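Okay, so here's the structure we're looking at.
The values are calculated or read from the model by the stated rules, or taken from the named source; none is laboratory data. All values derive from a computational prediction rather than experimental measurement. Note that each Cβ is placed from the backbone with ideal geometry, even for glycine, and that neighbours are counted across all protein chains shown.
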Amino acid sequence: MDNRIYRDAMGKFATGITIVTTEDDNEIMGMTVNAFMSVSLDPKLIAISIDEKARMYTKLQETNKFGLSILREDQKELSMIFAKQIEKDREINFKTLDHIPVIEDSIATLACHVKETAKAGDHMIFIAEVTDFQVNDGNPILYHGGQYRTLKP
């Protein structure tokens with residue numbers, strides 16, 4: 001099977017866009033992640049998948065906690081900054097939930113503590129318990145077919 005064709009096939013699944021953040025030695029770091037899902041309501045569990053080449057892969061195993069911010073349709077630039085598609089050219093506004101940094105003004109933010117990990121090919125799946133969350137108004141930004149998309153009313 002061809003890797004490029006497989007990647008294109010996976011790109012046919014529309015996803016929301018999240019930023020995963022953590023803090024280590026007073027340094028906030030983050031990355032754009034679209035491999036995110038809700039796992040359980042009781043307890044409140046979510047899962048994210050991180051590539052083993054990503055710096056966040058090791059950091060999350062060290063800190064065992066992270067913030068997750070579900071981006072609004074007008075936060076495309078933040079997604080691109082954390083995906084290293086464009087250079088950071090402005091200050092990024094963070095707030096904290098349960099002492100974990102999240103992106104301010106996102107449509108939803110979660111504070112998470114890692115409960116389990118599972119190695120899956122070249123990725124690690126982090127299953128985490130949500131320890132705090134906040135929900136705001138707005139529409140999500142989506143990713144489909146290698147392009148950013150928005151919902152139409």
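Among the residues of segment 4-25, those identified as at pLDDT 90 or above, not small (Gly, Ala, Ser) and not in a strand (DSSP E or B) are ILE5, TYR6, LYS12, PHE13, ILE17.
Which of the residues that make up segment 96-116 are in contact (Cβ under 8 Å) with a residue 40 or more places away in the chain and either surrounded by fewer than 16 Cβ atoms within 10 Å (Cβ to Cβ) or aromatic (Phe, Trp, Tyr) (or both)? Within segment 96-116, HIS113, LYS115 qualify. Report whether or not SER106 is modelled with pLDDT of 95 or more, touching a strand residue (DSSP E or B) at 6+ places or on another chain (Cβ under 7 Å) and not in a strand (DSSP E or B). So SER106 fits the description; yes. Screening ILE50, ILE46, ILE19 for residues that are in contact with a Leu (Cβ under 8 Å, 6 or more places away or on another chain), over 22 Å from LYS76 (Cα atoms) and touching a residue at least 40 places away in the same chain (Cβ under 8 Å) leaves exactly one candidate, ILE46. Being in a loop (DSSP other than H, G, I, E, B) and β-branched (Val, Ile, Thr) holds for only one residue in ILE92, ILE28, ILE50, and it is ILE92. Among the residues of segment 54-86, how many are in a loop (DSSP other than H, G, I, E, B) and either of a type outside the set (D, E, K, R) or within 15 Å of MET31 (Cβ to Cβ) (or both)? The number of residues fulfilling the criteria is 8.
Taken together, the criteria exclude ALA128 from residues that are exposed (fewer than 13 other Cβ atoms within 10 Å of the Cβ), under 30 Å from ALA9 (Cβ atoms), in contact with a strand residue (DSSP E or B) (Cβ under 9 Å, 6 or more places away or on another chain) and among the small types (Gly, Ala, Ser).
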